[in-house]
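Undergrad: Mind having a look at this structure? Questions to follow.
The values are calculated or read from the model by the stated rules, or taken from the named source; none is laboratory data. The structure displayed is predicted, hence computed values, not measured ones. Note that each Cβ is placed from the backbone with ideal geometry, even for glycine, and that neighbours are counted across all protein chains shown.
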Amino acid sequence: MPFPTDGVYTIKNTGRDLVLDLKNNSTAEGNQIQGYVPNSTVAQQWVVKRQNAPGSRNKSVTIQSNNSSNNGNGCFTASEDSDEPVVYTRQAFMVDLISRADNTYTISFTQGNNNLVLSIPNAKHSEVKLENFVEGSSRQQWEFTKITDLHQVV
């Protein structure tokens, strides 16, 4: 899979077979981002926008909720420690996508400890958290499936 272009995506954790989901579809500041069974709701739609020039070796993007249907109304963030929950916020945060040979990506925040990546570490709990990178761990690998292109702002 080529590097994601700007658009609306579902983002699936390959190890748990769950997609990123805005818990209870709530845009309240600090709401938990969770892994959830795919159900095609707007809570599982994420606006991905490149934050570097086309052709650049860097793969930095912002990932925002598509909840308000206006090209995103909030991002997700986490503290800089392992085992910290990933939550909804209205501030923009960039992440780096590190491509894997199997067309999946590891998601790492561009600020702070670059060894911390997005994960669903526990099979019994669906909270999305930061975790220290483990080579080959499918719970840290994410698959992007494009739903639609972004709408032009007029």
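Undergrad: Taking the stretch 29-47 only, how many residues are under 21 Å from R139 (Cβ atoms), in contact (Cβ under 8 Å) with a residue 24 or more places away in the chain and not small (G, A, S)?
TA: Looking only at that region, the number is 7.
Undergrad: Out of the residues in the stretch 114-154 meeting the condition of being under 17 Å from T62 (Cβ atoms) and of a type in the set (D, E, K, R), tell me which one is farthest from the chain's Cα centre (by Cα).
TA: In this case the residue turns out to be D149.
Undergrad: What's the total number of residues in the stretch 133-154 that are polar (S, T, N, Q), assigned to a loop (DSSP other than H, G, I, E, B) and at pLDDT 90 or above?
TA: Residues of the stretch 133-154 polar (S, T, N, Q): 137-138, 140-141, 145, 148, 152.
Checking the rest, the ones that are also assigned to a loop (DSSP other than H, G, I, E, B) come to 137, 141, 152.
Filter once more, keeping what is at pLDDT 90 or above: 137, 141.
The total comes to 2.
Undergrad: Suppose we keep only residues that are in a loop (DSSP other than H, G, I, E, B) and over 16 Å from the mean Cα position of the chain (by Cα) within the stretch 22-39. Which one would you say is nearest to T62 (Cα to Cα)?
TA: Here is the first cut: in the stretch 22-39, the ones in a loop (DSSP other than H, G, I, E, B) are 26-31, 37-39.
Remaining after also requiring over 16 Å from the mean Cα position of the chain (by Cα): 26, 28-29, 39.
Details: S26: 19, A28: 19, E29: 17, N39: 23 Å.
My answer is E29.
Undergrad: Let me ask something additional. Considering only residues that are of a type in the set (G, A, S) and more than 25 Å from D6 (Cα to Cα), which ones fall in the stretch 113-154?
TA: Restricting attention to the stretch 113-154, the residues satisfying the condition of being of a type in the set (G, A, S) are 119, 123, 126, 136-138.
Selection gives A123, S126, G136, S137.
Undergrad: Can you pull out every residue in the stretch 107-122 that is part of a loop (DSSP other than H, G, I, E, B) and in contact with a helix residue (DSSP H, G or I) (Cβ under 8 Å, 6 or more places away or on another chain)?
TA: Residues satisfying the conditions are I120, P121.
Undergrad: On the given criteria, is L130 modelled with pLDDT under 90, closer than 21 Å to N31 by Cβ and touching an Asp or Glu at 6+ places or on another chain (Cβ under 7 Å)? Please lay out each step first, then the result.
TA: On the way: modelled with pLDDT under 90: yes; closer than 21 Å to N31 by Cβ: yes; touching an Asp or Glu at 6+ places or on another chain (Cβ under 7 Å): yes.
In short, yes.
The rows are residues; the columns are (1) surrounded by 13 or more Cβ atoms within 10 Å (Cβ to Cβ); (2) modelled with pLDDT under 85; (3) polar (S, T, N, Q).
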site: K23; (1), (2), (3): yes, no, no
site: Q34; (1), (2), (3): yes, no, yes
site: V37; (1), (2), (3): no, no, no
site: S40; (1), (2), (3): no, no, yes
site: A43; (1), (2), (3): yes, no, no
site: S56; (1), (2), (3): no, yes, yes
site: Q64; (1), (2), (3): yes, yes, yes
site: N67; (1), (2), (3): yes, yes, yes
site: G72; (1), (2), (3): yes, yes, no
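Undergrad: Also, I was wondering about something else. Quick check on my filter: what residues within the stretch 45-54 are at pLDDT 85 or above and outside any strand (DSSP E or B)? Full working, then the answer.
TA: Taking the stretch 45-54 as the starting set, the residues that turn out to be at pLDDT 85 or above are 45-49.
Q45 - this is the single residue of the stretch 45-54 that is at pLDDT 85 or above and outside any strand (DSSP E or B).
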